[in-house]
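Contents: one structure, followed by commentary.
The values are calculated or read from the model by the stated rules, or taken from the named source; none is laboratory data. Please read all numbers here as calculations on a predicted model, not as lab measurements. For neighbour counting, all protein chains shown are included, and Cβ atoms are generated from backbone atoms with ideal geometry for every residue, glycine included. Just the protein is used for accessible areas: all its heavy atoms, side chains included, with ligands, DNA and RNA removed. Shrake-Rupley method; radii C 1.70, N 1.55, O 1.52, S 1.80 Å.
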Amino acid sequence: MDVNSRFPARLPGPAISSVVGNSDEPLPSLSDLHDCEPKLEFDDTELLSPAPLEKDVMVGDFVLADDPFPDPELETEEAPNPLEDDFEDQLREQSENFQGNKNKCDFLGTDKQGRHIFGIYASRFPEKSQLEGFVRQVIKEIEPFVENDYILVYFHQGLKEDNKPSAQFLWNSYKELDRNFRKNLKTLYVVHPTWFIRVIWNFFSPFISDKFRKKLVYISSLDELRQALGLNKLKLPDTICDFDHKLNPSRGRASQPAAPNGRPTMQFGVTLKFIVMHSPCLNSIPPIVRKCVDSLSITGVIDTEGIFRRSGNHSEIMALKERVNRGEDVDLSNVNVHVIAGLLKSFLRDLAEPLLTFELYDDVTKFLDWPKEERSRNVTQLIREKLPEENYELFKYLVDFLVRVVDCADLNKMTSSNLAIVFGPNFLWSGRTNTSLEEIAPINAFVDFVLQNHKAIYLIDVNQRTVSVD
């Protein structure tokens, strides 16, 4: 089917639909922590000049091509426009050239619960005549991932006069997005919002479902964004970092959370080697990983629909992680399946170095370039000869478990490709830059290949494999 016919002009975001009302309960909004602005009543007269509206009138952040909500009693008498401020001019001073970016959006990593995070930049918006094609490309890039819960981060810095979408365009896009885009979007972070964005949001609020309204979170600084996402490193364009530094000079640039104190009981946020040295690990399997796998392997649990796809309760996951790091013996017998699954994903994501190691990153991201007849040999060689002993054993242990999950795909709907999309970014990421969407594809394909060919890869037991010693 032609891409243009499948995806009409639209932007990522949920639609007004009865389906949304029946979706999962959203996560609590973080905006209450810092957004004390009272709810504003939107007055259309503030968007009008004294003269009647002409086509494509520029107002604040958007172009009002035609009022999507015409009011027959709309007054046109002159009134001061409170939306005009210097903030928009500051945003426009620092913009990036959209044409120079191959991707329309970036993959920023996974959040605290292992959900994929995508960044959309106003500075990459093309001119208005090209917006429809831009939107189609954005949707095409993230469509493979929206079967699972995901996060969107919109960076408002860099919006220009000639690329501002009209209110009508935004409204139509909001209504027309597919169900998965709407339902599985868990949080929409708006970074460096202007006052006009807040007013526009309040204008649309009466027409948007209550559950989606709670998904919007205003973020005033990159430090705040890092904390919200749980990402120690967040590699962004220099123009965004410079702009953030000007807005928040007292915060400093790229401040990082304090490093863990290295308590011997820690299993989250440290290296795998550290855990093996300080915890009772049978065959290099950390105790909390074994507990999670044992709990999830039970009949009636492993076949839970959407296992590893749905998000668990964040506060419960964080509480369990803190207890584990204090050395407490946690009982998972009465814990929700999605919380346990989230705890396992969080363990992988919190490792100081990814399970497949930084060393293998360049090799794995070339997976799709390998001739098909050489893939089995290359994958086997990478896993059996280049992974450290403890990484090899834990990866094999998790692959064996995930294969059992795939065996229940008729019930849990989690095929090898679905699991690869979930676990790929948690098994491997770059130590230098954000993993791009082009690099995510081969990583996921690599994991999918391992799940489908695990018997051939692990034909020889780990204890019999040959390890080169310098």
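Scanning the range 419-438 for residues that are open to solvent by 30 Å² or more (accessible area, probe 1.4 Å) and either of a type in the set (S, T, N, Q) or over 15 Å from the mean Cα position of the chain (by Cα) (or both) yields a count of 6.
From the list 373, 385, 353, 389, the lone residue that is under 23 Å from residue 114 (Cα atoms) and modelled with pLDDT under 95 is 353. A count restricted to the range 264-317 and to residues that are open to solvent by 20 Å² or more (accessible area, probe 1.4 Å), part of a helix (DSSP H, G or I) and farther than 25 Å from residue 416 by Cα stands at 9. When the range 417-470 is limited to residues that are β-branched (Val, Ile, Thr) and in a helix (DSSP H, G or I), the one that is modelled with the lowest pLDDT turns out to be 462. Residues in the range 212-228 that are open to solvent by 10 Å² or more (accessible area, probe 1.4 Å) and among the aliphatic types (A, V, I, L, M): 216, 228. Listed by first and then second residue, the pairs linking a residue in the range 287-313 that is modelled with pLDDT of 95 or more to a residue that is open to solvent by 40 Å² or more (accessible area, probe 1.4 Å) and among the charged types (D, E, K, R), with Cβ atoms under 8 Å apart and 6 or more places separating them unless they lie on different chains, are 297/404; 302/404. Applying the set (1) touching a His at 6+ places or on another chain (Cβ under 6 Å); (2) in a helix (DSSP H, G or I) to residue 323 leaves exactly one unmet item: (1). Can we say residue 392 is more than 23 Å from the chain's Cα centre (by Cα) and buried (at least 20 other Cβ atoms within 10 Å of the Cβ)? Yes: the conditions hold for residue 392. From the list 237, 249, 193, 257, the lone residue that is open to solvent by 10 Å² or more (accessible area, probe 1.4 Å), more than 21 Å from the chain's Cα centre (by Cα) and either modelled with pLDDT of 75 or more or not assigned by the TED database to the domain that holds residue 147 (or both) is 249. Among the residues making up the range 174-206, those that are closer than 22 Å to residue 108 by Cβ and not in a loop (DSSP other than H, G, I, E, B) are 180, 181, 182, 183, 185, 186, 187, 188, 189, 190, 191, 197. Among the residues of the range 169-189, those identified as among the hydrophobic types (A, V, I, L, M, F, W, C) and surrounded by fewer than 21 Cβ atoms within 10 Å (Cβ to Cβ) are 170, 171, 188. The single condition among (1) under 13 Å from residue 356 (Cβ atoms); (2) over 25 Å from the mean Cα position of the chain (by Cα) that residue 377 does not satisfy is (1).
Annotation note: of 216, 272, 225, the sole residue that is hydrophobic (A, V, I, L, M, F, W, C), modelled with pLDDT of 85 or more and farther than 20 Å from residue 111 by Cβ is 272.
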